[in-house]
Amino acid sequence: MTLMEKAEERFDPEQVVEEFEELTKVAGKVQLETLKKILEENGGTEYLQKWGLNGRTDLESFKTCVPIASHQDLDPYIQRIADGESAPILTANPITTISLSSGTTQGKPKFVPFNDALLDSTMQMFKTSYAFRNREFSIGNGKALQFIYGSKQLKTKGGLAAGTATTNVFRHPKFKKTMKAMQTPCCSPDEVVFGPDFHQSLYCHLLCGLIYREEVQVVSSTFAHSIVHAFRSFEQVWQDLCVDIREGVLTSQVIVPSIRAAMSKILKPDPELADTVYKKCMGLTNWYGLIPELFPNTKYIYGIMTGSMEPYLKKLRHYAGDIPLVSADYGSSEGWIGANVNPELTPEETTYAVLPNVAYFEFIPLSQIILNGQEARPVGLDEVKIGEEYEILMTNLGGLYRYRLGDVVKVKGFHNSTPELQFVCRRNLLLAVNIDKNTEKDLQLSVETASRILSAEKLEIVDFTSRVDTSTDPGHYVIFWELSGEASDDVLKDCCNCLDKSFVDAGYVSSRKVNTIGPLELRIVERGTFHKILDHYVSLGAAANQFKTPRCVGLSNTSVLQILSGNVVKRYYSTAF
Ligand code: AMP
């Protein structure tokens, strides 16, 4: 082992905090240095040459020459890389790996470049937030029950490896070293993480967690949805898990040879453990506090819990009992943005402190009146204002320049001189029939309000999505709900009216009043429908742990629309207006 590798294996959290403090004290300066570094390294690429930067690395030239770009604008370049062209197209060093971004809204994964620079920023992000978490919830030598899954590893036409960004990270030896240095290696062997079948991997993650139940100190996943999904599955399979532990033999339902071989090294007959788990499960009421019962030394539960993950928090809290929930960092397949350096905050209060050396960031102010259809000019990280909402642009060493990530964030404060961002929603409008504009956040709030009617009936929404139906005249909103049990028609009619009334956008309300938008339609889908949607995305190459339920299904997303419409069991129309 080289000295460098040894240093990587041990890291001092206090030193990481110190480095972060130094960087964020001069965030504006670090941003300019970061931009300079990116432009120096990649000035000779076809893309930057095309925009006439001619080797200049200053901010003014950069902003004057290089246009703001969407994924669509960069896609032809990325496609050529994926097809095997090795010339410096977007980056000076050849890109050898492609990440598949979840692309849940469009219905098909997007290609984005992945390279060592992105991996390094991932490790910097993980270490930074860990260092702050470690101050709040110090963990000793233990294990993490991580519901993580590798996606299928595909090859592009040009022979480049393509997998989801998380898979590219999980596969890398540096990831394992970092996890080890954080004293929380994963309970499950690699064969389980990278198994070809998500259901079999999930079952074995649960089994490994139970085997190491006393050692588990952290329960985590990339997005909180996977943790909720895992414990919902546990409710179904817990007795099978007990049998496996009692007999020391893995269920015949797990058929992947590599998983069976790896599990046989861990699983030994343990009737005592089987009895303990059995008794604990029998003693719970409606599975409340399941996680602390099963894993009594868990210090916190960790995963992205903001944005489209908020609807799962209620269920997660139910399983978590009094264990704190800590949201993981803010990033995307395209690159990282900010770390959660205030782990004591609840997920609802979480903000992300921008790491000023992982990319050059710009912020398009969204509140300013846009004259003649023009967007406001983007501002730098040191020019943003508290309370304002912005769309983020990123320029990074992964070959993206002034790239629209599509996310809306709100500045809540500053950590030294770097902004602390709250995630608001995806920018692309979700629901719009005519003059109405309802975002993912508006939909989420409306569903949350209506779900209170269900809580009184001891029912919950397992998952939800929506679409605009313009095949009727006038067009109207359709909301799909999967419920945890049966609700009466009266209750669901109330829910449907409540949903309709809870969209407070002036365009929507006025259109509903004059019937230029028709009554909102609530469609109840069969149990397991959203599971089928998850399976569908996994079959396309998505990784289950990067999955985000699409909150609005576009017309082009025919497969998901088919799954939804094929599973509708009841429908209701609002009479609220
Ligand atoms: P992916 O396509 O899987 O790379 O997902 C990236 C997207 O996930 C981001 O652009 C955000 O919309 C969302 N996301 C990532 N991190 C967070 C976070 N901490 N809070 C809310 N949303 C997030």
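Full extension of the chain between Asn141 and Lys265 yields a length gain of 42.5 nm, computed as 0.36 nm times the residue separation minus the alpha carbon distance. If you plug the beta carbon distance of Thr558 and Leu345 into 1/(1 + (r/R0)^6) with R0 = 30 Å, you get a FRET efficiency near 0.15.
Listed by chain and number, the lysines whose alpha-carbon sits under 16 Å from that of Lys441, ignoring those within fewer than 8 places in the same chain, are Lys410, Lys501, Lys548.
Quick one: order Leu555, Leu561 by neighbouring beta-carbon count within 10 Å, fewest to most. Sorted ascending by nearby Cβ count, the order is Leu555, Leu561. Approximating the spin labels as points 7 Å out from Cα along Cα→Cβ, the Ser539-to-Glu40 distance works out to 5.1 nm.
Please check which bits of segment 452-491 a label hung off Arg571 would reach, taking the label as a point 7 Å along Cα-to-C-beta and the cut-off as backbone N under 16 Å. Residues 465-482 qualify, since their backbone N sits under 16 Å from the label point.
Between Lys25 and Ala376, the simple label model (points 7 Å from Cα in the Cβ direction) yields a spacing of 3.1 nm.
Packing here is the average count of other Cβ atoms within 10 Å per residue, and on that basis the peptides 539-550, 389-400, highest first, run 389-400, 539-550.
Can you tell me the FRET efficiency between Ser258 and Ala87 if r is taken as the Cβ-Cβ distance and R0 is 45 Å, rounded to the nearest 0.05? Efficiency, rounded to the nearest 0.05: 0.75. Label sites at Ser471 and Ser488, each approximated as a point 7 angstrom past Cα along Cα to Cβ, lie 3.3 nm apart. Pairs Lys299/Lys437; Lys314/Lys493; Lys127/Lys458; Lys110/Lys458; Lys63/Lys157: which are spaced more than 32 Å apart, C-alpha to C-alpha? Over 32 Å Cα-Cα: Lys299/Lys437; Lys127/Lys458; Lys110/Lys458; Lys63/Lys157. Taking other C-beta atoms within 10 angstrom as a stand-in for reagent exposure, Val409, Val237 fall in the order Val237, Val409, fewest first. The calculated FRET efficiency for the pair Ser367 and Met282, based on their C-beta separation and a Förster distance of 60 Å, comes to about 0.65.
Comparing Cα centroids, segment 460-527 and segment 302-352 end up 28 angstrom apart.
Full extension of the chain between Asn428 and Ala506 yields a length gain of 26.2 nm, computed as 0.36 nm times the residue separation minus the alpha carbon distance. Taking other Cβ atoms within 10 Å as a rough exposure proxy, His205, His415 sort from fewest to most as His415, His205. Across the cross-link table entries Lys152/Lys177; Lys155/Lys177; Lys25/Lys412; Lys385/Lys412, which are compared at the Cα atoms, the separations over 19 Å belong to Lys152/Lys177; Lys155/Lys177.
Every number in this text was worked out from the coordinates using simple rules, so none of it is lab data. All values reported here derive from a predicted model rather than from experimental measurement. Neighbour counts run over all protein chains shown; Cβ positions are idealised from the backbone, glycine included.
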